[in-house]
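Shown next, in structure tokens, is the structure this report addresses.
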Amino acid sequence: MQPAQKPNPEALPRLLLIDDDEVLRRTLVRYFAPTFDITAVPSAEAAIEALPKGAFDVVLSDVHLQGMSGVEFLKRLREHDLDLPVILMSGEPGLEAAISAVEYGAMRYMLKPFDLGELRNALVRAVSIRRLAVARRESLELIGHDAQAAGDRAGLIALVENAIRSLRVAWQPVVSWSRRRVVAWEALMRSKITNPDALIDSALTVGRIVELGRAMRDAVAAAGELAPPGDLHVNLHPQELLDDALYDSSTRLSRLASRVVLEITERSSLEKIPAVRDRVARLRKLGFRLALDDMGAGYAGLASFALLEPDAVKLDIALVRDVHKSPTRRRLISSLLAACKDLKCACVAEGVELPAERDTLADIGCDLFQGYLFARPDFAFPDAKF
Ligand code: C2E
Ligand code: CA
Ligand code: CA
């Protein structure tokens, strides 16, 4: 994705006008010429071509474009620029088109015939809002926040689609401390666009979590086939349990099932997924094992445990952090470890950063660790430091 181009305050704001009605196009160009530097094109295709070169400040487009709907156009536009404001014009008062256009990020929807003065005011206002959006994004970048987050639905879709195209897998080892050995590898989602948590949230918002999950599972399987010995831990969002492809025995991941542990977080409730037990049983039948992720971070702990009957649990980073300084954490983890032992369930402590955390955990009987102390996630399976 290209960064938003900065408008030049010295020059006239640049307007991209798209309408296949030549008479209207000429009228608008004449009327707006004193206020805007205008590029006028007759089609969405021509507009998409003009976008990267134009450094536009605002777009004015007919909603019924030949060969591409206004909404489709908005999605394409957001691949170029997350902040470029769009005002749509329409000859018909179709409420549905208006609602979806606004939902997808059109700033305004004007019905023809409109008052040209009102339209000009709307365009001028849109340019100011664009300047604000660009400045806000730049300040977010300056203070180190993730400024890629798109402001609207079309932007989010573009972001998720771009991320899916650039998806990669980073691997982090899970180690047995007593054996000084890597016993498993956790696959962590990486993309050029944003961090995994934000990407998953965006995918959930725009209903693409299943596509994202499939892409990740394919990428994991491709890399996993070449992995060093050890189990392969794959994160699964509970919504992915609804994807039929997950239960297909012919996928690349299913063929690796005997090595794969599916990690399901207890942060979001499993109970909302219909027929969870049945789905979990089908996964087991394919040869997958299951782990309950982020133990200690969610509210649904016990219920999720009962539903999944996991082969392993992963203690959340927040529980592990500073365990050497906190008798309460130590006691809590001891109880969890004892319960896991009774239930014949392995227990991995995540986010181990300090030798003191490792030693405290080892003292109370925890042997499986994951964390920066041993290795940071990396695209090449990284060596663990013992
Ligand atoms: P998670 O499953 O709990 O993964 C562990 C996270 O802790 C990873 O963050 C990892 O890089 C980080 N981490 C590991 N060791 C340490 C440490 O010593 N200190 C600290 N501070 N952090 C450590 P990451 O890769 O940013 O992933 C964040 C979350 O995004 C994951 O948390 C998981 O919930 C989700 N996620 C990542 N990849 C996938 C995926 O393929 N599918 C799904 N559904 N979720 C994923
Ligand atoms: Ca995990
Ligand atoms: Ca976790």
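Specify which of the listed residues (LEU242, LEU253) is of a type in the set (A, V, I, L, M) and crowded, with 18+ Cβ neighbours inside 10 Å. Can you show your working first?
Values: LEU242 fails: crowded, with 18+ Cβ neighbours inside 10 Å.
From the options LEU242, LEU253, the qualifying one is LEU253.
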Residues that are out of contact with any helix residue (DSSP H, G or I) (no Cβ under 7 Å at 6 or more places or on another chain), closer than 22 Å to VAL174 by Cα and open to solvent by 30 Å² or more (accessible area, probe 1.4 Å), drawn from segment 285-304: ARG289
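How many of the residues making up segment 152-183 are among the aromatic types (Phe, Trp, Tyr) and either part of a strand (DSSP E or B) or at pLDDT below 90 (or both)?
Of segment 152-183, the ones among the aromatic types (Phe, Trp, Tyr) are 171, 177.
Filter again for either part of a strand (DSSP E or B) or at pLDDT below 90 (or both), leaving 171.
Adding up the residues that qualify gives 1.
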Number of the condition not met by SER166 [criteria: (1) exposed (fewer than 14 other Cβ atoms within 10 Å of the Cβ); (2) out of contact with any Ser or Thr (no Cβ under 9 Å at 6 or more places or on another chain)]: (2)
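Looking at segment 342-364, which of its residues are open to solvent by 60 Å² or more (accessible area, probe 1.4 Å) and within 24 Å of ASP311 (Cβ to Cβ)? Let's see the steps before the verdict.
Quick first cut of segment 342-364, residues open to solvent by 60 Å² or more (accessible area, probe 1.4 Å) only: 342-344, 353-355, 359, 363.
Once the filter is applied, which keeps residues that are open to solvent by 60 Å² or more (accessible area, probe 1.4 Å) and within 24 Å of ASP311 (Cβ to Cβ), segment 342-364 yields ASP342, LEU343, LYS344.
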All positions within segment 184-198 that are within 16 Å of ligand 3 (Cβ to nearest atom) and in a loop (DSSP other than H, G, I, E, B): ASN195
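Got a sec? Which helices (runs of 4 or more DSSP H) wholly within segment 10-103 have at least 3 residues that are crowded, with 20+ Cβ neighbours inside 10 Å and of a type outside the set (A, V, I, L, M)? Working first, answer last.
Working: elements: 22-32, 44-54, 70-80, 95-103.
Passing ranges, in order: 70-80.
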Out of PHE386, PHE369, sole residue that is in contact (Cβ under 8 Å) with a residue 60 or more places away in the chain and more than 29 Å from the chain's Cα centre (by Cα): PHE386
Looking only at segment 204-256, and only at residues there that are touching a residue at least 40 places away in the same chain (Cβ under 8 Å) and within 10 Å of ligand 1 (Cβ to nearest atom), the one that is nearest to the chain's Cα centre (by Cα): LEU212
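Just checking, which of LEU236, LEU212 is within 16 Å of ligand 2 (Cβ to nearest atom), farther than 19 Å from ALA281 by Cβ and open to solvent by less than 10 Å² (accessible area, probe 1.4 Å)? Steps first, please.
On the way: LEU236 fails: farther than 19 Å from ALA281 by Cβ.
Of LEU236, LEU212, the one residue that is within 16 Å of ligand 2 (Cβ to nearest atom), farther than 19 Å from ALA281 by Cβ and open to solvent by less than 10 Å² (accessible area, probe 1.4 Å) is LEU212.
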Residue tally, condition closer than 7 Å to ILE18 by Cβ and modelled with pLDDT under 90, over segment 45-62: 1
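Looking at ASP248, is it over 30 Å from ASP367 (Cβ atoms), at pLDDT 95 or above and open to solvent by 50 Å² or more (accessible area, probe 1.4 Å)? Before the answer, list the steps.
Details: over 30 Å from ASP367 (Cβ atoms): yes; at pLDDT 95 or above: yes; open to solvent by 50 Å² or more (accessible area, probe 1.4 Å): yes.
Yes, satisfied.
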Boolean, ARG217 is at pLDDT 95 or above and open to solvent by 30 Å² or more (accessible area, probe 1.4 Å): no
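The values are calculated or read from the model by the stated rules, or taken from the named source; none is laboratory data. Bear in mind that the values here come from a model prediction, so they are computed numbers and not experimental data. Counting neighbours? That spans all protein chains shown, and the Cβs are built from the backbone with ideal geometry, glycine included. SASA here: full protein model, heavy atoms, side chains in, ligands and nucleic acids out. Shrake-Rupley method; radii C 1.70, N 1.55, O 1.52, S 1.80 Å.
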